[in-house]
1. Which FRET efficiency, nearest 0.05, do ASN122 and ARG37 yield, Cβ-Cβ r, R0 22 Å?
2. Modelled label-to-label distance, TRP144 and GLU46, 7 Å Cα→beta-carbon offset: nm?
3. Please work out whether the stretch 108-154 counts as rounded, prolate or oblate from its C-alpha gyration tensor, where a ≥ b ≥ c are the square roots of the eigenvalues and a/c under 1.5 means rounded, while otherwise a/b larger than b/c means prolate and anything else oblate?
4. Compute the Cα gyration tensor for the stretch 129-173, then decide on rounded, prolate or oblate, letting a ≥ b ≥ c be the square roots of its eigenvalues: rounded whenever a/c is under 1.5, prolate when a/b is larger than b/c in the other cases, and oblate in all that remain.
5. May I ask which of LYS116/LYS150; LYS50/LYS106; LYS116/LYS141 have a Cα-Cα span longer than 19 Å here?
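Every number here is computed from the coordinates shown, using simple stated rules; none is lab data. Keep in mind that this is a model prediction, so the values were computed, not measured. Positions of Cβ are backbone-derived with ideal geometry, glycine not excepted, and every protein chain shown enters the neighbour counts.
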Amino acid sequence: LSLEVIKTKNTNSLFFPIFSEISSEAEGIYWSDIQDRLVLPQEAIEDYAKNGFYKVVFSVFNNLNEYLIPGPSISHHPMEQSSENITRIINSRIIGASLDKSGSIKLRRPAIITLKHLTETNITNPVCVFWDFHLRDWSAKGCWVESSNKTHTVCLCDHLTNFALIMERRADI
């Protein structure tokens with residue numbers, strides 16, 4: 001978890017995590033080992049600043065993906081419903097950002113979220129999602145895949161909240 005209070009004057013886009021300001025470790029995991037990134041556009045900083053300052057909270061959740069299992073409604077790629085060899089999983093850490101407000105806030109320019117895949121084999125069809133507290137489920141509304149390769153997916157989202165990556169895993173046959 002990282003909380004920053006930053007002056008908005010001459011502020012560019014903000015990158016998280018901010019490695020230069022991290023000096024501790026938690027449970028043996030070093031921030032510098034985490035390959036997930038979130039870029040907050042400059043416009044978001046300007047839009048939500050108060051009196052020349054803004055507060056931003058960034059978070060990365062390790063292992064929370066094991067508890068927030070995706071429901072059947074999330075997919076841009078219809079799965080073969082009859083296939084028992086395909087399961088939908090959260091295939092990233094959960095990364096979050098907020099600007100001094102509770103809940104999701106709309107952005108003029110999308111945030112750029114790069115998520116490292118936790119599993120890289122037998123994985124397809126990435127879907128960028130956020131945790132919708134009202135639905136108590138993952139939602140893809142306002143998020144889309146910019147690019148994806150074997151190890152990482154880049155998501156663009158028009159709001160801030162908690163983000164993750166849902167992918168389809170095919171069991172070895």
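1. Computed FRET efficiency for ASN122 and ARG37 comes out at 0.30.
2. 2.4 nm
3. Cα axes put the stretch 108-154 in the oblate bin.
4. Working: a/c = 3.15, a/b = 1.42, b/c = 2.22.
Oblate.
5. Table pairs above 19 Å Cα-Cα are LYS116/LYS141.
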